[in-house]
1. Could you say which residue among 148, 132, 112 is modelled with pLDDT under 90, under 29 Å from residue 230 (Cβ atoms), outside any strand (DSSP E or B) and not small (Gly, Ala, Ser)?
2. Give the residue, chosen from 402, 430, that is polar (S, T, N, Q), buried (at least 17 other Cβ atoms within 10 Å of the Cβ) and more than 17 Å from residue 647 (Cβ to Cβ).
3. Return yes when residue 576 is more than 30 Å from the chain's Cα centre (by Cα) and at pLDDT 90 or above and no when it is not.
4. Of all the residues that make up the stretch 352-387, how many are under 24 Å from the mean Cα position of the chain (by Cα), under 16 Å from residue 422 (Cβ atoms) and not in a helix (DSSP H, G or I)?
5. I want to confirm something. Restricting to the stretch 192-211 and keeping residues that are exposed (fewer than 15 other Cβ atoms within 10 Å of the Cβ) and of a type in the set (Gly, Ala, Ser), which single residue is farthest from residue 159 (Cα to Cα)?
6. Of a type in the set (A, V, I, L, M, F, W, C), modelled with pLDDT of 90 or more and not assigned by TED's automatic domain parsing to the domain that holds residue 190: is that true of residue 82 in this structure?
Amino acid sequence: MINPMQQVVIATRKRDSEAVITALQDAGVLHLKPIQGGPLNTGSLAGQDAQHRRDDERLLARVESTIAELGAYRPAPAPLSAESEWSGVVEGAASPVSALARQRQELQSDLDVERSYGEAVRALSRMVGGLDRSRRLALLPFLLQPSDNIAELDAALREALPERYAIATEPVGQNRVGVIAALKSERDLARAALGRVRLGELRLPGRFESMPLTDAAAAMEDIRAHGAARQAELNTAREKLAQQHSPALYAIRDALKDRVAVHDVRAVSARGKYSLTMQGYLPADRIPALQSTLSRFGDAVSYEVHPVDEHHDHGVPVELKNSSYVRPFQNTVMGLMSLPKYGTFDPTWVVAWFFPFFFGIIMADIGYGLLFLALGMWLLNKGRRGEGWNLSLFGAYLNPQTLKDLGFVTNVMAAWTILWGFLTGEFFGTLLEHMHLFYINPELLDRLWGWTGIHYPHVEGVEHHGVLPILFPRLETEYFGNVALVFALLFGILQVLWGWGIRIQQGLKHRDQVHVWEGLAMFGGVGALILLAFVSKGAQNFSGLTNFADPRVLLMILGFILFIVGYLRVFKQFPMLPVELMSQGGSVVSYARIFAVGLVSAILAKLCTDLGWTMYEKIGFLGIILGILIGAVLHLLVLGLTLIGHILQPIRLHMVEFLNPTGFNNETSPRYNPLRRLSSAAQNAPVQPVPVQAGQQVK
């Protein structure tokens with residue numbers, strides 16, 4: 001559910017504003033809303049306030065750049081030094097850290113150059129000997145690709161410098177490096193000859209550009225021999241600096257962020273010469289915390305709390321407040337969706353119940369369910385131990401709370417998968433059916449599903465025996481396929497009509513007649529199309545449409561009438577509503593993917609197991625080993641290739657087919673993000689209340 005919000009306006013004297021804002025940071029309950037317009041000043045700060053803000057932001061930028069150069073994770077909390085010492089502490093850490101960062105950067109650059117050019121430079125050094133120190137000769141190194149022809153270069157040089165040059169080459173990897181020796185006065189002619197054959201002079205980057213080749217080769221050899229050790233030394237030095245300075249830097253950074261936040265609050269507040277007024281929102285259940293915070297200031301602070309206007313106020317933030325079962329889905333699955341608009345419908349609990357249920361119908365395999373359960377327990381236990389999971393391949397880090405939520409959601413999905421696996425009789429496909437633990441009981445199936453008009457085909461001489469009867473035989477497609485398909489479509493009927501029912505309810509709640517009639521029209525139209533499909537038996541027999549004794553026909557006519565009336569009422573706003581009606585019919589049919597995707601998964605699992613079982617039957621004991629290995633590999637391969645689709649399909653059904661009719665995807669609200677203090681050390685600093693008589697003003 002959406003946590004009810006209250007709006008609050010707080011007024012205080014300007015000289016006390018910092019103490020009041022600091023107290024609000026400690027409380028951590030007020031979501032600020034900028035004040036725009038009016039007779040008081042709003043927007044950017046000016047004068048001394050602006051200068052203080054620039055000073056704080058400049059020092060904060062220095063702290064954050066130093067922390068980034070240290071590459072340190074947040075250490076244990078440390079005491080916060082006195083404000084007068086902040087600049088000295090930061091500079092005392094920044095100077096050695098910056099110097100070390102330059103050394104690491106220069107060394108890394110040298111290592112990169114050596115990795116790219118080292119072999120080529122060493123080969124060139126061998127070729128030139130000591131000629132690179134000659135005062136009369138110029139050396140032009142170059143690189144030859146396998147497709148380049150050295151004869152073309154030699155011809156160009158002979159034309160430009162007849163008998164006044166020398167050229168040598170040496171293979172380096174798949175390419176060749178070469179060097180041209182010419183008089184210094186004719187260097188440009190040699191370069192022009194290189195250009196005519198589409199070759200360029202090899203220039204070394206960075207500090208190596210001005211070095212003779214023999215010196216560059218010696219330097220790169222030294223880097224190759226000692227660069228890694230030197231890099232390890234610098235990394236060790238950085239770790240020591242991080243251990244020495246990180247606690248103090250993080251404490252100062254958090255305190256500075258809190259001070260910058262104070263400036264930000266002033267910037268979005270209304271400011272007079274002697275007063276400051278701010279406004280915002282807070283959940284109704286946190287009003288006592290606000291009152292306790294502001295009561296210490298007595299009559300120096302006046303505030304007013306009143307209910308928000310959920311019909312017209314578009315800036316009300318949203319905080320979801322759900323049960324312990326629903327909350328993990330709120331933090332994971334619903335994280336893929338936008339927040340609902342305040343005052344509308346929160347679908348989190350619907351997703352929490354139907355998403356794992358649909359996933360279980362699709363997978364419906366005890367073996368796969370046990371694998372998911374093992375994964376879920378691993379995630380849950382890892383999170384409970386306070387450990388995170390660094391997914392470096394995806395550039396993501398999952399904190400312990402996220403792991404606990406993912407573990408819980410995975411376990412619920414596993415439970416439904418195992419339950420449906422017992423109903424379908426599937427354990428890694430048909431493994432337990434081969435072992436006669438699960439079996440088909442025709443008489444029981446006829447009693448269970450005979451009311452639908454289907455009967456299991458009895459074959460003479462075929463006996464069915466086992467321990468547990470299969471109750472939902474989805475793999476028996478010729479017999480059970482239509483029932484399984486209609487079973488999946490029933491959820492589409494439920495959720496699509498439910499979505500339009502929510503549209504009607506929200507329209508009535510917000511007194512929006514357009515959405516009320518739109519919802520009534522679509523509810524009636526979709527319901528009529530569904531009844532039309534049932535009465536005509538899937539468009540195979542339309543004779544039943546004239547049987548007015550059938551209540552389904554009367555309801556269908558009523559639904560079409562409701563659609564027509566509703567369409568006429570909203571024709572100006574939604575002229576394409578009949579097209580949308582056809583689309584909503586397709587939305588109901590989209591739920592067939594629960595049956596189709598699940599059936600494909602079951603068939604693939606059956607093929608994997610049948611292949612392994614055939615190996616056992618054909619070869620014997622060796623076949624058991626081969627069958628287990630082949631079956632396990634194929635099952636893991638199929639599961640890896642199809643799992644993402646099995647997860648995304650139920651999510652898509654909720655995001656599109658169910659939530660589109662509700663209007664959920666049309667509007668959203670900002671997330672409730674209260675003003676909070678970051679610096680735990682600074683929380684211990686006393687806030688000096690104004691020495692006046694106790695009291696408060698609440699209207």
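The values are calculated or read from the model by the stated rules, or taken from the named source; none is laboratory data. None of the values given here were measured: they were computed from a predicted structure. With ideal geometry, Cβ positions are generated from the backbone for all residues, glycine too; neighbour counts draw on all protein chains shown.
1. 132
2. Only one candidate passes the filter, namely 430.
3. Spelling it out, residue 576 is indeed more than 30 Å from the chain's Cα centre (by Cα) and at pLDDT 90 or above.
4. 0
5. 206
6. no
Matching residues to (1) over 19 Å from residue 134 (Cα atoms); (2) more than 49 Å from the chain's Cα centre (by Cα); (3) of a type outside the set (Phe, Trp, Tyr):
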| position | (1), (2), (3) |
| --- | --- |
| 170 | yes, yes, yes |
| 182 | no, yes, yes |
| 195 | yes, yes, yes |
| 198 | yes, no, yes |
| 207 | yes, no, yes |
| 215 | no, yes, yes |
| 231 | yes, no, yes |
| 240 | yes, no, yes |
| 250 | yes, no, no |
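For (1) over 30 Å from residue 100 (Cα atoms); (2) touching a Pro at 6+ places or on another chain (Cβ under 6 Å), each residue gets a yes or a no:
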residue	(1), (2)
7	yes, no
12	yes, no
22	yes, no
30	yes, yes
46	yes, no
64	no, no
